[in-house]
Amino acid sequence: MYLNAYFKGRGILCLLNSSTAKVMQLTAIVLLAACLQVCATARAQKVTISGRNISLKEIFTEIRSQTGYNFIYTNEDLQHVVPVTLDVKNAALREVLDICFARQPLDYAIQEKIIIVKPQAPVLPAAANVTGTVTDAVTGKPLPGVTIQVKGTSTGIATDEKGHYSLSAPDNAVLVFSYLGYIKKEVPLAGQTMVNIMLSPANTGLSEVVVVGYGTQRKEDLSGSVSSINYDQQLQNRAITDVSQALSGLAAGISVSQTSGQPGRDGAVLRIRGVGTLNNSDPLVLIDGIVGSLNNLNPNDVASISILKDAASAAIYGSRAANGVILVTTKRGKKGKTVINYNGSAGVQKATHLFEPVTDYVTYMQLMNRIQKADNPGNTDLFKPATIDAWKNATDRVLYPNTNWMDVIFGQGIITRHNLSVSGGNEKTDYYLSMGYLYNKGIMESTDATKYTLRLNMDHKISDKIKIGANLNSYWNKVNEPFDVTTLLYYSANSVPGVTPTMTKDGVTRYGGRNTDDESPNAINPQQYMDTWFYPQVGQYSFAKLYGEWEIMKDLKWQVNGSAEIYNKESKQYKYSGAVQNLWNFQKDEVTVSNASVPSTLYQRNDNSLALTFYTTLNYDKTFAQDHHVSVLLGASRETSRNAWFSGSVQGFPSNDTWELSAGLSQPIVGGTSSSYALSSYFGRVNYNYKEKYLLEANLRYDGSSRFAAGNRWGIFPSFSGAWRLSRENFFRNAELSFVDDIKIRGSWGKLGNQNIGLYQYMGLYAAGQNYIFGNSLSAGLAPKALPNPDITWESTATTDIGADISLFREHFDITFDWYNRRTGNILVQLPLSSLYGALTPPYQNVAVVQNRGWEAALGYKNTVGSFQYAISSNLSHNTNKVLRFQGNPDVIQSIGNNSIIKQGLPIGALYGYQAQGTFKNQHDIDNWAKQKLSGSNKPGDLKYADVKQDGVINGSDRTYLGSVIPEYTYGLTLQAGYKGISLSVLFQGIAGVKRYYQNLWYTSAVRYGREINSHFLNAWSTDNPNSDIPRLTTDSNSDNTQASSFWVQNGSFLRVKNMQLSYNFPAGWLKKTFIAGIQLYADAQNPFTWTKYNGLDPETGNYTDYQIENPNVRTFSLGINASF
């Protein structure tokens, strides 16, 4: 039992047990003898304490519980002490006491197991009194409890709640500033009497500063679900062309799918916590606080990216945040010397996977003969034996080709990047200037993209209270492609291996057609498309943002921001005319298809847009009574946007060199339109922090959008969140869980909106070109094309999130976990109309409901062993998607393409069709199976479908759910290791629990005359291969086996090495006597390895309901250098 005895005469407070009280009565001789062993005993005792701003009394209690040592002190002595921040593990008792008393006006002495606290002995006056303030270098907030020591002495002090300090020190002293979670700083006085210091966060997990809506917060203070990526440190050397590509596998809760590897069209599709609506599910992207596109950025200019996933973190953006928010912060200058940085690389690209057509023309002809007789054995062979034999025996593969059109269409691409930046600053001004160049020659011939970028970010302090700044960004880019790649690949499926790409005669290039009259005259030549079709596009983008900030009074700041964004794009589409469009039979040296007389057409279009944004914020940030921290944000914004386009087309040009509208001779056509919209908003946020234990946040946004009718334009979007830092509680500290650094439990609820629908849906619109007959003549006129709905309003998403953030083992190991439930209502759907309305398009109505529910986890571990550093980070997300309500009828099925549907109770884009159960092996199988055809009968080799209804007849009622096109799991894994100057990193990305419907012109069992055959069907059922479950090959007129069924559904899961990078940093000693600050050489690989069972071009695609005939994704291998001067 402990006795807390108070002696009134002395005012002494004793923390003693009863046995210790008796020891105090021993003679001075005994005490003196015991003191001989005090030092050794004190050093043997080990203490573990971690926490911020702990009172001395709490520390004394903790030490007593761990060591059995007791304290004697007076209440008067403790009146002027300051809280202590400690982070010690298994430290010697005396070392811990030295830290605790280093900045106190007290001293201590150890006698046996008693620690006597006493006032510090008077210190001789120093040469000067030094004062100053210590603030956070990122947020500018004062830092209380920072330890300031005179180096080499025991003299020290701590900052007060306002970050102020005052201490005496010699003129030539060095002051050491230290604070848990921040980088220690040493400052020589050199006669200075006022020293103001900014300490930079050490970015070790808890102290990391994260960008949030209209501001920043320490990660440890967040009560919402936010993922952050330090882009500048992690991703600068990757050979990527769009910022969106860099997010793959790096954060939980976000799915990143690159849709194509085509230059200029290789941006990724981003989805945060699933697909939240039946309409546009793209997240809101803000760049330095302004709505924008990731495509507008040079990846080398990005400093950090924050992903706001729950309502608490995203509600400040209200009506556009239902699908999540991505905040991008670009680089800015820093105080200090001017730094010149060059980062450049060059690399090559190849397709990750291609279609696999039959390339041996003899095999192809034999298969086509089999297909010709598949349903009618009496049909005549398409290819004569003599033709087949001629190809078998030929040696001239120009006249008798076996063309692999994949090798012709796709080759090796090239990517080159050069980025140069200049940054620096002083007490008044900082700046960041960058220039970038990107050239990407595509893997498809005639595709390439060139881009030049320029950025200037500048900040200037007019006075201690007024600051202004500007962000300027612009780019010019040009994309070349033959018409468009997707269309070209569709056309290219109508090619055959018996066509020669080109032949040159008399200096003129000729394009091959069929080389035998047995072949279809419709067989095309993809090389001709690539060489004679053109689709150049030139874009020019300019962005300017200006801001001003005034510190009205201490803790109160007013900021005003304004921006303008201008974009202009010019595109042309044309193809050569004349003899170059003919197709030749090279065996006969004659034209087999004549297109020379087809007139050429030029289509030209100009698009332009102007977006203006203005927003202002008032921010109050103050700490009351040391323990209560309050931050209040109030703001208003106004956004307007205008878009317009104009187009013209004309036919008949005198040559293939005059592609201007005024040079055309006939058929001129013009078109164009414009549109505009506006959004006005008022918003606010309140944060409350009590002793950094209890965190509360509330957001409210009031939005008005011109996309809705006057009575429905305004919506209110609130959110509430709270967090409890369990590890700051005394009972948790007393639990002796020294390996736990921090545990925070979070919870939030909020309501968000979605206004991403077409403009003017609530208005009755008329379309031109609707002709009327008056009398006996045709007159031009206007007519409505769609029914309006003036009652449509916001889609709204209510999100609940419960999460935890855990840091262990001195911040070596971090765990983040979130569970969420996201329900989107009032989704806009077009309900079917009665035939009485004719051809009018149905209006949108707020009727559907979609739910996304799931969890996500992120784990990270980092450590250093000598000169070897390593880190492992991983994330795993699970999401289930379900349409809870659709058109008010659970039986309604709406197709959205490629056998994907919307149906109540199923995920968005659910695959729907028959359940295939192998093939009919013989007539006996057919006779003993349910009837599948309304007329006629199946043949051996046809797919057999399950009789779900078990009524003996297979029809539409037997169709069933075949799988979800939305991944159930997304995951990522990053491995990093470094030894001295060598670093290696490997990034894995993957998805699981996803199905893909894969049947298209390049992959089908129903083949048209003159079309490619996929080599997968070489193993199709035949009389020679009767046990195959791959359906027999037929003509395209037979749809028995190409109906939507599970046979065409494939596992779309994959695991991909998204990036591998090996780098070497030159030792600083080598560069010490040069003007070079640092050099890094690196080798980088994008998409080098993929594991999947999917047979298509690439399992990674942005639209899981399309046919995926598009430019394949690419593997990129590059070498680069990153140098600073």
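Only the coordinates and a few stated rules stand behind these numbers; no lab work does. These figures come from a predicted structure and were not determined experimentally. FYI the Cβ positions are ideal-geometry reconstructions off the backbone, even for glycines, and counts take in every protein chain you see.
Where the centroid of each part is defined by its Cα atoms, how far is region 926-977 from region 838-869 in Å?
So the separation of the two Cα centres works out to 29 Å.
Just for the Cα atoms in the chain, what are the lengths along the principal axes, largest first, rounded to whole Å?
124, 69, 67
Could you give the dipole magnitude of region 773-836 about its Cα centre, charging the beta-carbon of Lys and Arg +1 and that of Asp and Glu -1, in debye to the nearest 20? Walk me through the intermediate numbers first.
Details: 4 positive and 7 negative charges, 93 e Å.
The calculation lands at about 440 debye.
Can you tally the lysine pairs in region 394-533 where the Cα-Cα distance is under 26 Å and the two residues are eight or more apart, or on different chains?
6
Take region 429-585, compute every pairwise Cα distance, and split them into 5 Å bins from 0; I just need the percent in each bin.
Using 5 Å bins, I get a P(r) of 2, 7, 12, 12, 11, 9, 8, 7, 6, 6, 5, 4, 4, 3, 3, 2, 1, 0 for region 429-585.
So what is log10(I(q)/I(0)) for region 209-338 at q = 0.11, 0.14, 0.21 1/Å, when the Debye sum runs over its Cα atoms only?
-0.37, -0.61, -1.35
Relative contact order for region 209-338: what is it in percent, counting Cα pairs under 8 Å that are at least 6 residues apart?
Working: 234 pairs, mean separation 39.1, N = 130.
Over region 209-338, the number comes to 30 percent.
Step through the table entries LYS309/LYS862; LYS185/LYS862; LYS151/LYS862; LYS185/LYS980, compare each Cα-Cα distance with 27 Å, and write down the pairs that go over it. Walk me through the numbers before you get to the answer.
Details: LYS309/LYS862 25 Å; LYS185/LYS862 24 Å; LYS151/LYS862 31 Å; LYS185/LYS980 24 Å.
Long pairs (Cα-Cα over 27 Å): LYS151/LYS862.
Along the principal axes of its C-alpha atoms, what lengths does region 1056-1125 span, in descending order and rounded to whole Å?
Its Cα atoms span 59, 20, 14 Å along the three principal axes.
Could you size up the charge dipole of region 209-338 around its Cα centre, putting +1 on the beta carbon of Lys and Arg and -1 on that of Asp and Glu, and report it in debye to the nearest 20? Provide the component values of the computation, followed by the final result.
Numbers: 13 positive and 9 negative charges, 64 e Å.
Dipole about the Cα centre, nearest 20: 300 debye.
Among SER666, THR623, ALA636, flag the residue with its Cα farthest along the positive direction of the charge dipole of region 601-690, charges on Cβ as +1 for Lys/Arg and -1 for Asp/Glu.
It is THR623.
For region 898-925 and region 462-503, what is the separation of their C-alpha centers, rounded to whole Å?
One Cα centre to the other: 37 Å.
What is the projected area of the convex hull of the Cα atoms of region 909-955, averaged over all directions, in nm²? Please list the in-between numbers first.
On the way: hull surface 15.0 nm².
In nm², the orientation-averaged hull projection of region 909-955 is 3.7.
Shape verdict for region 555-627, please, from the Cα gyration tensor: rounded (a/c under 1.5), prolate (a/b greater than b/c) or oblate.
Working: a/c = 12.85, a/b = 4.09, b/c = 3.14.
Prolate, because a/c is 1.5 or more and a/b exceeds b/c.
Using the Cα centre as the reference, give the magnitude of the dipole from point charges on the C-beta atoms of the chain (Lys, Arg: +1; Asp, Glu: -1; all else neutral), rounded to the nearest 20 debye.
Values: 100 positive and 90 negative charges, 495 e Å.
The dipole of the chain has a size of about 2380 debye.
Could you work out the per residue convex hull volume over the alpha carbons of region 56-110, in cubic angstrom?
So the per-residue hull volume is 84 Å³.
So what is the relative contact order of the chain, in percent, for Cα pairs below 8 Å that sit 6 or more residues apart?
Working: 2958 pairs, mean separation 106.7, N = 1125.
Relative contact order, the chain: 9 percent.
Sticking with the crude label model, points 7 Å out along Cα→Cβ, report the distance from LYS931 to GLU427 in nm, one decimal please.
Distance between the two pseudo-spin positions: 9.6 nm.
Filter the trypsin sites (Lys or Arg not before Pro) in region 924-1009 down to the DSSP loop ones having no more than 14 other Cβ atoms within 10 Å, then list what survives.
On the way: sites: LYS931, LYS933, LYS944, LYS949, ARG959, LYS980, LYS995, ARG996, ARG1008; in loops: LYS933, LYS949, ARG959, LYS980, ARG1008.
Answer by residue number: LYS933, LYS949, LYS980.
What is the diffusion coefficient of region 128-199 in µm²/s, taking the Kirkwood radius over Cα pairs and the Stokes-Einstein relation at 20 °C with a viscosity of 1.002 mPa s? It would help to have the intermediate numbers written out before the result.
On the way: Rh = 11.9 Å.
It diffuses with D of about 180 µm²/s by this estimate.
Along the charge dipole of region 128-199, pointing to its positive end and built from +1/-1 on Cβ of Lys, Arg, Asp and Glu, which listed residue (ASN196, GLY140, HIS164) has its Cα farthest out?
With unit charges placed on the Cβ atoms, the residue in question is GLY140.
Checking the a/c ratio against 1.5 first, then a/b against b/c, what shape does the Cα gyration tensor give for region 48-159? Mind dumping the intermediate values first?
Numbers: a/c = 1.99, a/b = 1.33, b/c = 1.49.
Since a/c reaches 1.5 but b/c is at least a/b, the shape of region 48-159 is classed as oblate.
Based on DSSP, what percent of beta bridges with both residues in the chain are antiparallel, to the nearest 5? Display every interim value, and only then the final one.
Details: 393 of 411 bridges.
Restricted to the chain, the bridges split so that about 95 percent are antiparallel.
Any chance you could check the Cα centroid distance between region 633-660 and region 387-416 for me, in angstrom?
41 Å
Hey, could you pull the Cα Rg and Dmax for region 673-728, both in Å?
17.8, 61
Under 16 Å from the Cα of LYS331, which aspartates and glutamates turn up, not counting those fewer than eight places away in the same chain?
ASP232, ASP288, ASP301, ASP430, ASP459
Can you compute the FRET efficiency between ILE1076 and ALA346 using 1/(1 + (r/R0)^6), with r the Cβ-Cβ distance and R0 = 22 Å? Round to the nearest 0.05.
Values: r = 21 Å, r/R0 = 0.95.
Calculated transfer efficiency: 0.60.
Taking +1 at the Cβ of each Lys and Arg and -1 at the Cβ of each Asp and Glu, which of ALA1006, GLY1069, ASN1027 sits farthest along the dipole of region 964-1073 towards its positive end, judged by Cα position relative to the Cα centre?
Highest projection toward the positive end goes to GLY1069.
Students often forget the sequence filter, so: which lysines lie under 26 Å Cα-Cα from LYS944 once same-chain residues fewer than 8 apart are removed?
Within the straight-line limit of under 26 Å, LYS944 reaches these lysines: LYS373, LYS903, LYS921, LYS931, LYS933, LYS995, LYS1093.
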